[in-house]
Amino acid sequence: MLQCTAVTRIPLSDVLAALVTMDGEPDASADTLASDHYVLCELGEHDPLAEHAALLGAADAPDRPALWFFWTGTDMDRTHSIWTRPWCPAVLRNLGTDSVLKCSFFNRHATGHSWDVTDPLGDLIAGPLSTDDASDEPRERPQP
């Protein structure tokens, strides 16, 4: 499944207020957010009327909720909200290597899990390191 391509500008004052009131220490700080900061929806392709979501920052502990930016609509009809949400509990287990890949979305997200979503532009920019590294299977590609 391809990644949603919705992009929006985040209202810096609302994000800063959310960062200050968030429990735990988020990874995102005021210094990393420019006044013209934009975010891309991280979910897989979905209905245009459905809510888009972008991760703003994770708490200092991996089991703590993360700060997410949600929006719907376009242009003048755009509405947004900023909430902390727990992580999706889904995991992808590779029994052959005994490795576990956790979903990097929030709990009860729409569409597929993070390992099902591919960013074709990011894949194109990154490209394979060699012809041996090329794979059409998203689960076999390097993970962030």
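Derivation of every value follows stated rules applied to the coordinates shown; laboratory data play no part. Keep in mind the model is a prediction, meaning the values are calculated, not measured. Note that each Cβ is placed from the backbone with ideal geometry, even for glycine, and that neighbours are counted across all protein chains shown.
The ranking of Thr72, Thr97, Thr21, Thr8 from fewest to most other beta carbons within 10 Å of each one's beta carbon is Thr97, Thr21, Thr72, Thr8.
Residues Leu95, Leu12, ranked from the fewest to the most other C-beta atoms within 10 Å, line up as Leu95, Leu12.
Among Glu42, Glu51, the ranking by other beta carbons within 10 Å of each residue's beta carbon, starting with the fewest, stands as Glu51, Glu42. Within the shell defined by Cβ-Cβ distances under 10 Å, the residues around His109 carry a net charge of 0, with Lys and Arg each +1 and Asp and Glu each -1.
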